[in-house]
Amino acid sequence: MSGALIRPARADDAPAVVALRALVYPYLVRGVESTRRMIAEPPPGEDWAAWVAEANGQVVGWVSAYRNTHTSTPGVGEIALLHVHPEHRRRGAGTALFDAALGHLRTLGSTRVLTHARTESLPFAQRHGFTPSRELRYSALDLSTLQPMPQVPPGVRLVPAAGLDPRLVHRVDAESSRDEPGDVPTDALSFDLWRHECWDNPGLDREASTLAEVDGELVALSLVKRDGDRMWSDFTGTLPAYRGRGLARLAKQAALHAAAARGVRTAYTSNDEANAPMLAVNERLGYRPVDSQWSCRRKLT
């Protein structure tokens, strides 16, 4: 049995949750205010819930579970970021957190469960019925080594997300991400859910987030979420009709330069192993691998 207390997460847990996440996943970027809002104001429609493991008054574990609203496939639930402080592992806290998350998904009527696990955590996932599927590669870039900005092609204009109509930004994000590789078909988020999770996220740096405009139409984007001097490339993509012209790379380079000018020192990102175009873009930009996680899935009966 776990010696830790498993309880629902509270908004005032946010500083401790962020500190724990930074210890276990130093390449993931979500600040205190963003985490506080996530707990206090969960995304609408996802039936999102989270739990912490507490030992001696300290948060030593975390997990969240929710209805996957990124796909029209019915009955898909997700367990996210199950992790325990290294000094408190192998005492049952991870299993207790998992049981809380899985119980929540059962109440939602989920029939399939998705999660991600680091290579070292795959035995735990497999013991709990999950089958590994796809590799998700995490990479980092030291912004002091940024390559110079290339010449912007004629007819192309780079603009910050700040001041733009969020519906236009949502359109580019939604249409660019429809063919993202994954374990279930990806559907575009509704504008309201995207606005909650992305546009109104306290961590979104709208000044650094950059879009490419061609002949007056927004066609590519690279979104930046930030915590202090670290940033996360939340999504980079191009409308299908405009691919093959280097616009995603151009938007991402501009976003990285803008973030560096605003005090960011390290950028992180992730890519599915099958996303060869973005893996190539990131390699050319100088990103280096720092970790991998594996998507895992199981049925829930």
**Complete:** Across the range 136-170, the tally of residues that are of a type outside the set (Val, Ile, Thr) and surrounded by fewer than 16 Cβ atoms within 10 Å (Cβ to Cβ) stands at 16
**Message:** Contact list please: Cβ distance under 8 Å, first residue in the range 40-56 and at positive phi, second residue surrounded by 16 or more Cβ atoms within 10 Å (Cβ to Cβ) and among the polar types (S, T, N, Q), pairs at least six apart or on different chains.
**Reply:** Gly45/Thr69
**Request:** Please tell me if Thr107 is surrounded by fewer than 18 Cβ atoms within 10 Å (Cβ to Cβ), over 23 Å from the mean Cα position of the chain (by Cα) and hydroxyl-bearing (Ser, Thr, Tyr).
**Result:** yes
**Request:** Name every residue in the range 235-256 that is part of a strand (DSSP E or B) and surrounded by fewer than 22 Cβ atoms within 10 Å (Cβ to Cβ), in order of residue number.
**Result:** Phe235
**Complete:** Matching residues in the range 129-162 (closer than 20 Å to Gln253 by Cα and either acidic (Asp, Glu) or in contact (Cβ under 8 Å) with a residue 40 or more places away in the chain (or both)) number 23
**Prompt:** From the list Arg171, Arg157, Arg167, Arg127, which residue is in the same structural domain as Val219 (by TED's automatic domain parsing) and out of contact with any strand residue (DSSP E or B) (no Cβ under 8 Å at 6 or more places or on another chain)?
**Reply:** Arg167
**Prompt:** What residue, among those in the range 55-80 that are surrounded by fewer than 18 Cβ atoms within 10 Å (Cβ to Cβ) and assigned to a strand (DSSP E or B), is farthest from the chain's Cα centre (by Cα)?
**Reply:** Gln58
**Message:** Given the criterion more than 18 Å from the chain's Cα centre (by Cα), at pLDDT 95 or above and surrounded by 16 or more Cβ atoms within 10 Å (Cβ to Cβ), identify the matching residue among Glu213, Glu217.
**Reply:** Glu213
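The values are calculated or read from the model by the stated rules, or taken from the named source; none is laboratory data. Please read these numbers as outputs of a predicted model, since none were measured by experiment. All Cβ positions, glycine included, derive from the backbone under ideal geometry; neighbour counts span all protein chains shown.
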